[in-house]
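Asks: Handing you a structure now.
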Amino acid sequence: MTSKTDKRPSGTSSGVSSGISSTPAMQINVGIADYAVGDDGVTLATIGLGSCVAIALHSRRARIGALAHVLLPNAALSGGADTPGKFASTALPVMLRRMRELGVTDDVEARLVGGSSMFTALLAPGAPSLGSRNVAAARASCAEHGVTIVAEDVGGAHGRSVYFDVAAGTVLVHSIQMGDVSL
């Protein structure tokens, strides 16, 4: 995969794919079904989370982080070629592997964002929303890989954008409907 860093303002798509940068004050924009890894000079960002889930991984000691914009809960819902960031079950191991290649040896913590129920009127009565299934898949993948979830902003019926300051280890969740939340 190619990598690229982007100096554009927040909310601007860059087509970044699995990049890493060590240049101060850089923002890497993560697209749908993609992921990126960065160090303490990077903000990892993804916009337009509805039913999708952002998984932010962080190593406090190494100051290395990763962010995935997970589209679907499992491969059974997908047709065609898939990228590692498309599912929690494939995004987590590839992000952890890349973080370890960059020197992470300690525990990694996770923050989950998104998983909204955007189209409840289209659901059969009692059926789980795609968003809730995405959140469940992200939690299960974290548990499977021994990653502790330290914060969540999930569910509801509103969109979100994520700005992950790798140096600080903080995730800013922006929502027009609900305001900003820091995780």
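Asks: Can you work out which of the residues in region 1-39 that are assigned to a loop (DSSP other than H, G, I, E, B) and at pLDDT 85 or above is surrounded by the fewest Cβ atoms within 10 Å (Cβ to Cβ)?
Replies: Looking at residues that are assigned to a loop (DSSP other than H, G, I, E, B) and at pLDDT 85 or above, I get Ile32.
Asks: Just for region 46-70: of the residues that are part of a loop (DSSP other than H, G, I, E, B) and free of Cβ contacts under 8 Å to residues at least 60 places away in the same chain, which one is surrounded by the fewest Cβ atoms within 10 Å (Cβ to Cβ)?
Replies: Applying the filter and picking the extreme gives Arg61.
Asks: Still on this structure, please answer the following. Being part of a helix (DSSP H, G or I), surrounded by fewer than 22 Cβ atoms within 10 Å (Cβ to Cβ), aliphatic (A, V, I, L, M) and in contact (Cβ under 8 Å) with a residue 40 or more places away in the chain is the requirement here; does Leu96 meet it?
Replies: yes
Asks: Could you figure out which of (1) more than 13 Å from Gly65 (Cβ to Cβ); (2) assigned to a loop (DSSP other than H, G, I, E, B) isn't true of Val104?
Replies: Of (1) more than 13 Å from Gly65 (Cβ to Cβ); (2) assigned to a loop (DSSP other than H, G, I, E, B), only one is false for Val104: (1).
Asks: So, one more: Taking region 135-159 as the search range and keeping residues that are in contact with a Gly (Cβ under 6 Å, 6 or more places away or on another chain) and at pLDDT 95 or above, which one is surrounded by the fewest Cβ atoms within 10 Å (Cβ to Cβ)?
Replies: The qualifying residue surrounded by the fewest Cβ atoms within 10 Å (Cβ to Cβ) is Val154.
Asks: Tell me, which residue of region 71-93 that is part of a helix (DSSP H, G or I) and of a type in the set (Ser, Thr, Tyr) is farthest from Leu130 (Cα to Cα)?
Replies: Thr90
The values are calculated or read from the model by the stated rules, or taken from the named source; none is laboratory data. Since the structure is predicted, the reported quantities are computational estimates derived from the model, not experimental observations. Note: ideal-geometry Cβ built from the backbone for every residue, glycine included; neighbour counts use all protein chains shown.
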